[in-house]
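The values are calculated or read from the model by the stated rules, or taken from the named source; none is laboratory data. Computed from a predicted structure; not experimentally measured. Here the Cβ is made from the backbone with ideal geometry for all residues, glycine too, and neighbour counts use every protein chain on show. Surface accessibility is based on the protein's heavy atoms, side chains included, excluding ligands, DNA and RNA. Shrake-Rupley method; radii C 1.70, N 1.55, O 1.52, S 1.80 Å.
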Amino acid sequence: MKKAAADGSPVIIKKYANRRLYNTETSSYITLEHLAAMTREHRDFKVVDAKTDDDITHNVLTQIIMEEESRGQTLLPVSFLRQLITLYGDSMQAMVPGYLEASMDSFRRNQEQFKTAVEGAFAHSPFAEIAKRNLAMFEAAAHAFKPGAPGAPGTAGATPSPTPAATTSEGASKNDEMSALRAELARLQDKVDKLG
């Protein structure tokens, strides 16, 4: 998944004694923020000490995490950090890196699946069909209450009309209910149209 340099090898970043980072691919000095951006873009790189040629990628990545955490939006809970610290020197220490890597790979796969599911939740899915059926039921119910509609009060096959005395007090509340139903129906139709 990582993108390497044109020749397939990781981009070499040299770190000098003055803490400056030099990107050998672009022949320019960069910052930790550049490395963080490269990481987010899945660019493969290796950071080496310019004097000793030792691989110090792990240290630099840890430094990037520390800077990100210090900006206020922490990703690593204190309890996790405490547990991690207790594992240093523990007999299980050798298993932890593999476990964490597998856990993060699984999390990333689940995150991508979740994102895909959310993006297509209402487009061409069973949810879209359910929304359409619900809207059809609302429309049928609203149509049944319209005067003169088949099955509406006062038409053949409908329930008998209430007495005139009952009509005046109930008429206003039924009109309010009908207005509320129509507004809700219009809102739902608007949602379905946007999803489509």
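Karplus couplings for region 29-43 from phi (6.51 cos²θ - 1.76 cosθ + 1.60, θ = phi - 60°), rounded to Hz, Gly and Pro as x?
Result, rounded to whole Hz: 7, 10, 10, 4, 5, 5, 5, 4, 5, 4, 5, 5, 8, 6, 7.
Can you work out the Karplus-derived ³J(HN,Hα) for every residue in region 47-52? Use 6.51 cos²θ - 1.76 cosθ + 1.60 with θ = phi - 60°, whole Hz, and x for glycine or proline.
9, 10, 6, 4, 8, 9
Can you list residues from other chains, or at least 5 along the same chain, whose modelled amide H is less than 5 Å from the amide H of residue 43?
3
With the Cα gyration tensor of region 13-84 giving a ≥ b ≥ c as the square roots of its eigenvalues, does the rule (a/c under 1.5 for rounded; else a/b larger than b/c for prolate; else oblate) give rounded, prolate or oblate?
Because a/c hits 1.5 or more and a/b exceeds b/c, region 13-84 counts as prolate.
Could you compute how much accessible surface residue 114 exposes when probed at 1.4 Å, giving the result in Å² to the nearest 10?
Near enough 140 Å² of accessible area.
Simple spin-label model, 7 Å along Cα-to-Cβ: residue 78 to residue 53 in nm?
Result for the modelled spin labels: 4.6 nm.
Could you run the Karplus curve 6.51 cos²θ - 1.76 cosθ + 1.60 with θ = phi - 60° over region 79-95 and give me ³J(HN,Hα) per residue in whole Hz, x for Gly and Pro?
For region 79-95, the Karplus-derived couplings read 4, 5, 4, 4, 5, 4, 4, 5, 7, 5, x, 6, 5, 8, 3, 5, 7 Hz, x marking Gly and Pro.
Roughly what % of DSSP beta bridges within region 1-102 run antiparallel, to the nearest 5?
That works out to approximately 55 percent antiparallel.
Using 0.36 nm times the number of residues separating residue 88 and residue 105, minus their current alpha carbon distance, what extension gain do you get?
3.9 nm
Once both labels are modelled 7 Å past Cα along the beta-carbon direction, what's the residue 12-residue 67 spacing in nm?
For residue 12 paired with residue 67, the spin-label model returns 2.3 nm.
If each residue of separation counts as 0.36 nm, what is the full-extension length gain between residue 37 and residue 178 once their alpha-carbon separation is subtracted?
45.2 nm
Based on the mean of other Cβ atoms within 10 Å per residue, sort peptides 12-23, 87-98 so the most packed one is first.
Peptide ranking by packing, descending: 12-23, 87-98.
What is the distance, in nm, between label points placed 7 Å from the Cα along the Cα-to-Cβ direction at residue 115 and at residue 190?
Result: 3.1 nm between the two label points.
What are the residues whose amide H is under 5 Å from the amide H of residue 48, where those residues sit 5 or more places off or on another chain and H is modelled from the backbone?
The answer is 13, 14, 15, 56.
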